[in-house]
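Chemist: Below you will find the structure I want to go over with you.
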Amino acid sequence: MNRVRGFEVVKKYEGQGLTLPRRQTLASAGYDIEAARDITIPSIWSLNFVRIFCLIRNGHDLIESDFLQAEEVLKPILVPTGIKAYMPEDEVLILANRSSNTFKRNLSLPNGIGVIDSDYYNNPNNEGEIFVQVLNYGVRPLKIKKGERIAQGIFIKYLKTDDDQPIESQRLSGFGSTGKKGGK
C-alpha cells in the first residue's frame, strides 16, 4: 500500500505514548492534534508588557528598550506535538484553532492558522515536528496536559498560477523557516 498522507511520531517522542491525530466524527474535516507534554501557557496580562501598555495609555513616550521588552514578552508559546505530517507536494496541512480553545480556554493562535508545507516533513533541523503557536489572553495561566487536544489539522490541496516559477531551493531549517538553500 502506497502512503499518501498521514502522521508519524518524531524520533525524540517515540515510545512516549503519543496518539496520532484522528478525526472525532465521520464528518470531521480536522484531525485533532494533541500536546506532547505538559506545558503552562502564561496569561499575557501577567507578562511585563502591561507596564508598556500603561505607559502608552498615559501618553508617555517609549524608548527603544521599552519596545524591545514588550516584543520579547508577547512572543507566542510553542506547544510541541511530537508528530510530523507527510503529504503530496501539492498539499498543505493547515493548523486551525479548536473552537473550544477560544470559547472555553481563552487560547488563540496568533498567526490565525498554521501552514505546514510538504517539504517541512523530515527537515534536518527538527525532523518536521509540528508546533502549535498559542497566546493565552485569559487572566490565569493555562495548564495544558500531555494528550489534550490543542489544534486541528486539515489537509488541503492547493493550486498554482499559470506562470508559477518557484525559487529552486531546499528547506534547511525547521519551524518558521525562511532559511533556504539555493535560489536567490
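The values are calculated or read from the model by the stated rules, or taken from the named source; none is laboratory data. All figures in this text were calculated on a predicted structure; none of them were measured in a lab. Note that we place each Cβ from the backbone using ideal geometry, even for glycine, and neighbour counts take in every protein chain shown.
Chemist: In the range 77-92, what residues are in a loop (DSSP other than H, G, I, E, B) and either closer than 24 Å to Asp38 by Cα or charged (D, E, K, R) (or both)?
Modeler: Filtering the range 77-92 for residues in a loop (DSSP other than H, G, I, E, B) gives 81-82, 87-90.
Thr81, Gly82, Glu89, Asp90, listed by residue number.
Chemist: Residues Asp119, Asp90, Asp38, Asp66: which one is out of contact with any strand residue (DSSP E or B) (no Cβ under 9 Å at 6 or more places or on another chain) and either surrounded by fewer than 16 Cβ atoms within 10 Å (Cβ to Cβ) or modelled with pLDDT under 90 (or both)? Let's see the steps before the verdict.
Modeler: Values: Asp119 fails: out of contact with any strand residue (DSSP E or B) (no Cβ under 9 Å at 6 or more places or on another chain); Asp90 fails: out of contact with any strand residue (DSSP E or B) (no Cβ under 9 Å at 6 or more places or on another chain); Asp38 fails: out of contact with any strand residue (DSSP E or B) (no Cβ under 9 Å at 6 or more places or on another chain).
Criteria check complete, one pass: Asp66.
Chemist: Just need a number here: residues in the range 93-123 that are outside any helix (DSSP H, G or I) and within 14 Å of the chain's Cα centre (by Cα).
Modeler: 17
Chemist: While we're looking at this one, here's another question. Filter the range 31-67 for residues that are under 23 Å from the mean Cα position of the chain (by Cα), outside any loop (DSSP other than H, G, I, E, B) and more than 21 Å from Glu127 (Cβ to Cβ) and give the result.
Modeler: Residues of the range 31-67 under 23 Å from the mean Cα position of the chain (by Cα): 31-47, 49.
Subset that is outside any loop (DSSP other than H, G, I, E, B): 31-34, 39-41, 43-46, 49.
If the condition is that a residue be under 23 Å from the mean Cα position of the chain (by Cα), outside any loop (DSSP other than H, G, I, E, B) and more than 21 Å from Glu127 (Cβ to Cβ), then Asp32, Thr40, Ile41, Ser43, Ile44, Trp45, Ser46, Phe49 are the ones that fit.
Chemist: Hey, another quick one. Criterion first (more than 25 Å from Ser118 (Cα to Cα) and in contact with a strand residue (DSSP E or B) (Cβ under 8 Å, 6 or more places away or on another chain)) does Ile44 satisfy it? Before the answer, list the steps.
Modeler: On the way: more than 25 Å from Ser118 (Cα to Cα): yes; in contact with a strand residue (DSSP E or B) (Cβ under 8 Å, 6 or more places away or on another chain): yes.
Here the answer is yes, as Ile44 does meet what is asked.
Chemist: Report the residue count in the range 3-16 for those that are touching a residue at least 60 places away in the same chain (Cβ under 8 Å), part of a loop (DSSP other than H, G, I, E, B) and over 14 Å from Pro80 (Cα atoms).
Modeler: 3
Chemist: Can you pull out the residues in the range 112-137 that are in contact (Cβ under 8 Å) with a residue 24 or more places away in the chain and of a type in the set (Gly, Ala, Ser)?
Modeler: Across the range 112-137, the qualifying residues are Gly114, Ser118, Gly128.
Chemist: Please find, among Asn111, Asn101, Asn126, the residue that is within 17 Å of Val79 (Cα to Cα), modelled with pLDDT under 95 and touching a Gly at 6+ places or on another chain (Cβ under 6 Å). Before the answer, list the steps.
Modeler: Values: Asn111 fails: touching a Gly at 6+ places or on another chain (Cβ under 6 Å); Asn101 fails: touching a Gly at 6+ places or on another chain (Cβ under 6 Å).
The conditions single out Asn126.
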